[in-house]
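Structure, as structure tokens:
The values are calculated or read from the model by the stated rules, or taken from the named source; none is laboratory data. Quick caveat, the model's predicted, so the values are computed rather than measured. Counting neighbours? That spans all protein chains shown, and the Cβs are built from the backbone with ideal geometry, glycine included. To get the accessible areas, we keep the full protein, side chains included, count just its heavy atoms, and leave off ligands, DNA and RNA. Shrake-Rupley method; radii C 1.70, N 1.55, O 1.52, S 1.80 Å.
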Amino acid sequence: MTEVEAVIGLECHVELSTRTKMFCGCPNEFGGDPNTRVCPVCLGHPGSLPVPNRQAIEYTMKIALALGSEIARSSLFHRKNYFYPDMPKNYQISQYDLPIGTGGHLDIDVGGETRRIRMNRVHLEEDTGKTIHAGTTGRIAEADYALEDYNRAGVPLVEVVSEPDVRSPEEARAYLVELRALLEALDVSDVRMEEGSLRCDANVSVRTVGAEELGTKVEVKNMNSIRSVERAVRYEVERQREALDRGQALVQETRHWDEGRGVTSPLRSKEYAFDYRYFPEPDLPPVEPDEEWIEKLRAELPELPAERRRRFVEEYGLEPAMARLVGGAGSWADFFEEAVRLGADPRPAANWMTGDLAALLREHDVDLRSSKVTPAHVAEITALVSDGTISTTGAKQALAAVFADGRGVREVVEDEGLAQISDTSALGAIVEQVVADNPGPVEQFRGGKEGVIGFLVGQVMKASKGAANPQEAQRLLRERLTADPQAG
Amino acid sequence: MPVEIDVDHVARLARLALSEEERERFRLQLGLILEHAERVREVAAADVPPTAQPVPQKNVFRDDDAPWECLTQDEALAGAPEAEDGRFKVPRIVEGE
Amino acid sequence: MTELCDLPGHELGRRFRSGEASALDAVESCLRRIEAVDGRVKAFLERTDDAARRAARAVDERFGRGEDLPPAAGIPLALKDVLATKGIPTTCGSKILRTYVPPYDCTPWARLREDGAILLGKTNCDEFAMGSSTENSAYFPTRNPWNPDTVPGGSSGGSAAAVAAGEAVWALGTDTGGSVRQPGALCGVVALKPTYGLISRYGLIAFASSLDHVGTFTRDVRDCAALLSVIAGKDPLDATSLSTERRDYTADLDGGLDGLRIGVVRDWLGEGVEPGVKAAVESSIDRLASLGAHIGEASLPHTDYALSAYYLIAPAECSSNLARYDGVRYGHRTADATDVVEMNMRTRGEGFGDEVKRRIILGTYSLSAGYYDAYYGQAQKVRTLVIRDFAQAYERFDLLLGPTSPTTAFRLGEKAEDPLAMYLSDIFTIPSDLAGNPAISVPCGLDEKGLPVGLQLMGRHLDEATVLRAAHAFEQDLGFSARPPLLEEASA
Ligand SMILES: [Mg+2]
Ligand SMILES: [Zn+2]
């Protein structure tokens, strides 16, 4: 069987989080009663005209700058002409040969090594409305009729297109994770794939390793999560590899990812879909940013995820892997730095976040932003652990309690009696009891079996319901067992 | 000489149902009109830049201010040939179209 | 005696303020004239009599309270049916929009209404403004008041005829290839197509976006300046509208012609131009000279290519602009189609007329795979050459002069079967649409058939003032007072 490699290009559509739509003053919000966020412009009424949203243009330029793309000194909107009932004008105002951004790259990290994915273009266009295929089965092919809601029509949409530099499903995932983090840091989109504010199509082909020319390109659509992109790409690469092994020729086509069945299937290719009859949008003058405007935007760029992770390693001494975990998404990095600012020990804080906190979030399926746990909580917990007020075990319980009801950590420690017992008298009594109850192990220790001390400390912890300070318990045990052999 | 146009193909692209008579007439008329129009090539030299707008402008934008007032659902659907549940109703969309 | 409906707006305004007449009197006078002649002229598609009367009473009350109202207050006007009017059917002379009622007003009408102008109704036009005779209306052809066997020109034939027949005092039309100036010339009224972008296109139902202009029809040049003053100026709803301040164009009308350099466009009085047109334009040139203008010869060498470029650019843009008429959101939908493609195709096949279909096919073809560079791209280069022609001419001249149309009004049906011949009647008006410079048509006499001839004066971008000043001086000196025979009968 021939050794083949996957050649993957990703085409992402990002809905910008502007207040109003791209070409009209209607609110840019998700959902709402059908056809209540529309006006003559976004309904394509005769005589209405588009006027571009400056904020959308600036967001697009920021995305391009963050990706290191070249900003066009003269960029044009074009009309992409094709008929579909979710498009009020039956043409989409998009960009063609003069996009706002060209070139650039996104560095992704796969299995500890960095790969550079080159960018093809960053362009701005308008979103379409939403179609419901109504009918008995719900399958498009068997629908009796369709219903159109134009609330989403005209929402600003940025298209970020990579070069075919992605080589595996894992890299595809890493690319999306990194792009999403970048967009989140720029604060230009909600980047919620479930709500469609971040959408991704993949162009997949395979070729024999080392071959220069690309294989037959297949466009895969309809993935609604990063995970489904990874799955769809994995499936498609395998499908193509097997086809080649069986000596079958691949056809250039668009395929639909079926999340439920975990397969891609061909969409009947639209007869004249390829002929979009692009021409310059005569209703819109060109976008010609001068040096000053571009530099102003460049200066406004926030610290980007890659730099921030580098800083986490240097400034907070985090392991690169740990820095990647906390710095993966802007919200986590912000949470982490806030906790540190409030006095948390960086490394323990990172550990708590990516360990127990992450587990709780996953378990209850909430995201960090909407959870009851605050950076202040994490700061308190690390503080109480390091000054010995609570044990790691106590801390785990405290975090769980805080996660449940958002109470203050000290309050929880009080209420649940999680404070460690460190004062000698209280602990001494427990130690005496343990020595008395475990003559065997005590003898073994005295006989030189050092290891047994661990068991005895365990007993003390058990007897104290985890409240004992283990270091202190061990000190007292040794004292008791070595000081006076006769006793007991 | 007159330009040959595949009127069927173009009519499909334009989503325009034409009668047999219309197809034939347009084929002839458009052939002649295009023959006349093609004269633009005689003068459109490579060094001549195209003009999209008679009075050139650039960077005309809207501020992303508070949203304006939208149409109500009833106003939006007022002219709809068919509607259902606040949405515009259309015949089935054949897959891929 | 002349009736109120035959007076220019500025004279009506004077009488409103002196109390000699009321806005309601003016409206009733127009309505009586419409009743008397529109059965033959057929200028109106939709009338708003009651709303007009109500609006007139409101204006009269304000005059009564001694309010100082703008010049447009109380002036009865008509709008070409490609201009969107909220709550009033707007059909573009097409079956596909027979049921369409816009949810908003076009900016020019919004400004006029704001100033108290009164809407009498919507006027007939070639379907989606595609034509030069108003015979392409899906409803009925409009007749020329000067001779009902002839066309009023087009596509704004209804508006031109309405003003010529005294059915309205002012009217707005649209000019994409000459659709304001050519009917203005054929109907013997003053017609202005200003600089591209001076008047907002918001609510002008698009035919060819980069060529569409709103234009005016009036009795005289003073009214033209007054009307322009109301509707010109930057509109935030139109990204192609120019950032110009509102101004009063009537202020400097009386500067006269002295020292003005006027270039007569070479070859625009040659073959293809009717003798009657040639004679009237030539005597106009002598008149302008006698009024102190320096006359010279200018050339616009790419005029013929301009026509070719126009018939590539306009259909291409139209094929895209008219794609929205698909039977989904508004307008006509065919009965019981089984899927959406069939629905679109039959809806459009039933809803559009012959000329519109012809141009949609032409434009779709010229943009389709592989042809963009050969057609649209090349045509845009010719557009550059046409603009250069004008720029060079304006180095030597303040204004350029020629006939508005090579012919006077032609008979109905005369050119209906021959698109190319029909297209040729726009040969002198198309260059200014491609270049976007202002151009006016003023009546300059009658031909041997007793039909009006239009003199066209063209100026530099945004130099409407000079165009109006020259046209005003010419008009004052000529004192063109002939009236359509129809009106004598009507008032008799
Ligand atoms: Mg796109
Ligand atoms: Zn809108």
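Structure summary
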| quantity | calculated |
| --- | --- |
| Given (1) within 15 Å of ligand 1 (Cβ to nearest atom); (2) open to solvent by less than 10 Å² (accessible area, probe 1.4 Å); (3) in contact (Cβ under 8 Å) with a residue 60 or more places away in the chain, number of the condition A:Leu43 does not satisfy | (1) |
| Selected residue (only one of A:Glu159, A:Glu126, A:Glu163 is within 16 Å of ligand 1 (Cβ to nearest atom), touching a His at 6+ places or on another chain (Cβ under 9 Å) and either over 23 Å from B:Val94 (Cβ atoms) or open to solvent by 10 Å² or more (accessible area, probe 1.4 Å) (or both)) | A:Glu159 |
| Close pairs (6 angstrom Cβ cut-off, 6 or more residues apart or separate chains): of a type in the set (Lys, Arg) in the range A:82-111, away from ligand 1 (no atom under 16 Å from the Cβ) anywhere | A:Lys89/A:Gly44; A:Lys89/C:Arg324 |
| Matching option when the condition is modelled with pLDDT of 95 or more and within 14 Å of ligand 1 (Cβ to nearest atom), among A:Asn151, A:Asn203 | A:Asn203 |
| Residue list for the range B:49-69, restricted to those being at the interface with chain C (Cβ under 8 Å from one of its Cβ atoms) and under 21 Å from C:Ala208 (Cβ atoms) | B:Pro49, B:Pro50, B:Thr51, B:Ala52, B:Gln53, B:Pro54, B:Val55, B:Gln57, B:Val60 |
| Subset tally (residues that are of a type in the set (Asp, Glu) and over 17 Å from C:Val214 (Cα atoms)) for the range C:139-186 | 2 |
| Tally, over the range C:28-43, of residues that are open to solvent by 60 Å² or more (accessible area, probe 1.4 Å) and either in a helix (DSSP H, G or I) or of a type in the set (Gly, Ala, Ser) (or both) | 4 |
| In the range B:8-28, the residues that are open to solvent by less than 20 Å² (accessible area, probe 1.4 Å) and within 16 Å of the chain's Cα centre (by Cα) | B:Val10, B:Ala11, B:Leu13, B:Ala14, B:Arg15, B:Leu16 |
| Residues (surrounded by 15 or more Cβ atoms within 10 Å (Cβ to Cβ), over 24 Å from the mean Cα position of the chain (by Cα) and away from ligand 2 (no atom under 16 Å from the Cβ)) located in the range B:62-97 | B:Ala83, B:Gly86, B:Arg87 |
| Residue in the range B:51-58 that is surrounded by fewer than 16 Cβ atoms within 10 Å (Cβ to Cβ), outside any helix (DSSP H, G or I) and of a type in the set (Gly, Ala, Ser) present | no |
| Residues of the range C:16-27 satisfying the condition of being more than 21 Å from C:Lys80 (Cα to Cα), in a helix (DSSP H, G or I) and open to solvent by less than 50 Å² (accessible area, probe 1.4 Å) | C:Phe16, C:Ala23, C:Leu24 |
| Any hit, the range C:382-389, residues being more than 30 Å from A:Ala146 (Cα to Cα), touching a Ser or Thr at 6+ places or on another chain (Cβ under 7 Å) and at pLDDT below 95 | no |
| Yes/no for C:Ala280 being assigned to a helix (DSSP H, G or I), more than 7 Å from every other protein chain (Cβ to nearest Cβ) and in contact with a Pro (Cβ under 9 Å, 6 or more places away or on another chain) | yes |
| Test: A:Leu477 is crowded, with 20+ Cβ neighbours inside 10 Å and touching a strand residue (DSSP E or B) at 6+ places or on another chain (Cβ under 9 Å) | no |
| Verdict on C:Ser159 being within 14 Å of another protein chain (Cβ to nearest Cβ) and polar (S, T, N, Q) | no |
| Set C:Arg266, C:Arg261: member being more than 14 Å from every other protein chain (Cβ to nearest Cβ), open to solvent by 10 Å² or more (accessible area, probe 1.4 Å), among the basic types (Lys, Arg) and over 17 Å from C:Ser432 (Cβ atoms) | C:Arg261 |
| Qualifying residues in the range C:327-352 (those that are more than 7 Å from chain B (Cβ to nearest Cβ), free of Cβ contacts under 8 Å to residues at least 60 places away in the same chain and not in a helix (DSSP H, G or I)) - the one most open to solvent (accessible area, probe 1.4 Å) | C:Asp336 |
| Qualifying residue in the range A:51-64 (condition: buried (at least 22 other Cβ atoms within 10 Å of the Cβ), within 16 Å of ligand 2 (Cβ to nearest atom), part of a strand (DSSP E or B) and not β-branched (Val, Ile, Thr)) | yes |
| Sole residue being in contact with a helix residue (DSSP H, G or I) (Cβ under 8 Å, 6 or more places away or on another chain) and loosely packed, with under 15 Cβ neighbours inside 10 Å, chosen from A:Pro375, A:Pro320, A:Pro348 | A:Pro320 |
